[in-house]
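Written below as structure tokens is the structure these notes are about.
The values are calculated or read from the model by the stated rules, or taken from the named source; none is laboratory data. Computed from a prediction, not measured in an experiment: that's the story for all the values here. Cβ sites come from the backbone with ideal geometry, for glycine too, and all protein chains shown count toward neighbours. Protein only, heavy atoms only, side chains kept; ligands, DNA and RNA dropped before computing areas. Shrake-Rupley method; radii C 1.70, N 1.55, O 1.52, S 1.80 Å.
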Amino acid sequence: MELNDEDVFDSFGPYYLDNVNWNDEGHQKAIYASLVNGAYILQRDNKRHRNGENALAPRWWEFFDFKLLEKLYDEDDKSIFGAVYVVGPRCVIAFRGTMKGRELFQDIKLDLAIFTNKLNRKSRFKIAMKVVEEKVVEFGQGNVILVGHSLGAALGILVGKQMVIQKGIFLKAFLFNPPHTTAIMLLSENKFRRLKKVIRRTVTLFNIIGSIVVLPGEEDDEMFKKLSVWKPNLCVNKQDLICSEYQSYFSDMKKIWGRKAEMAHIAARVSAIHFWRKILRKKSDIPLHLLPSAKLTVINQAKGALDAHKLQQWWKRDLQFDSQDFSIYDR
């Protein structure tokens, strides 16, 4: 049996949390990250034929008294991409991110779908949406929590958005290292800080002017107002190229809002791709990373960009982080 030490909870997980305080933000992050990791290891157990007593995944949720209610399978590659856990009245729906091995091809296709704003057309999203809708009916919207990492965090954002827009339901969400799909995310903040700042401001100004001149009164603003009540917990590392742009996105919107509210509303809901698709009269949903509100948790501890994207950083003992609420509709 192939064994990965990182799959073993008692040597790699937050085994120190033998006295959980659910009011502690650090404890919440560690537990929810562990449940997401459980979804990763469910798939590794599955493909490595680790069954029964040899299965390593159960320890990642049983340590916190959760029970596995359901495994979520991708229709295209039959891999496990998520899990539904319950403890008392609480139901947590967890989505894993991209994996190495035989899952990689399907996961990469979904990663590309994030950047082209087409994740909502994929079977994995449709399955996730169906499960979430069912669990909300069963447990009540106040008891259903979305958690995910990377690709899984993107899935959580998209499902959460659709629950707000379609049903007026606001689910609690803890989303680790969610992708922010802009080209400048590939530039290191440490090496290209000034260049990224110039690009951000130029693109933002262009989008504002273009949207005012060409696309007055578009329906996206009403959709954004609905979304503004939803504040998902976005957990990002400042050194992670995949998600670090969320910090700049919200801080830039806050600065624009201080000067001109209407400009902030436009800038926050328009990306370059979204803008040009509107110009060409092509159907385009609001891009995944564009959110009017969020609770943003930022850390700056990593040994490089790859380390900064790993899920395990979120259950480190004595994790140091800063959390702040953002909303472009609040002064």
So which GluC sites (Glu not before Pro) in the stretch 67-103 end up in coil per DSSP with only 15 or fewer other C-beta atoms within 10 Å? Glu75
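Output the peptides 60-66, 107-113, 146-152, 78-84 sorted from most to least packed, where packing is the average of other Cβ atoms within 10 Å over each peptide's residues. Provide the component values of the computation, followed by the final result.
On the way: 60-66: 20.3, 107-113: 17.1, 146-152: 28.7, 78-84: 22.9.
Result, highest mean first: 146-152, 78-84, 60-66, 107-113.
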If you project the alpha carbons of the stretch 9-165 onto the principal axes, what extent comes out on each, in Å, largest first? 43, 37, 25
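Taking all protein chains as present, what is the carbon and sulfur share of the accessible area of the stretch 86-132, in % to the nearest whole number, probe 1.4 Å? Intermediate values should be presented prior to the final figure.
Working: 1400 of 2180 Å².
Carbon-and-sulfur percentage of accessible area, whole number: 64.
Accessible area of the stretch 139-178 with a 1.4 Å probe: how many percent of it is carbon plus sulfur?
Working: 440 of 920 Å².
That fraction is 48 percent.
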With a ≥ b ≥ c the root eigenvalues of the C-alpha gyration tensor of the stretch 91-172, is it rounded (a/c under 1.5), prolate (a/b larger than b/c) or oblate? prolate
Chymotrypsin sites (Phe, Trp or Tyr not before Pro) restricted to the stretch 4-40 and DSSP loop, no more than 11 other C-beta within 10 Å: Tyr16, Trp22
Whose amide H sits under 5 Å from the amide H of Gln301, counting only residues 5 or more places off or on another chain, with H placed in the peptide plane? Lys238
For the stretch 15-102, what is the accessible area per residue in Å² when the probe is 1.4 Å? 45
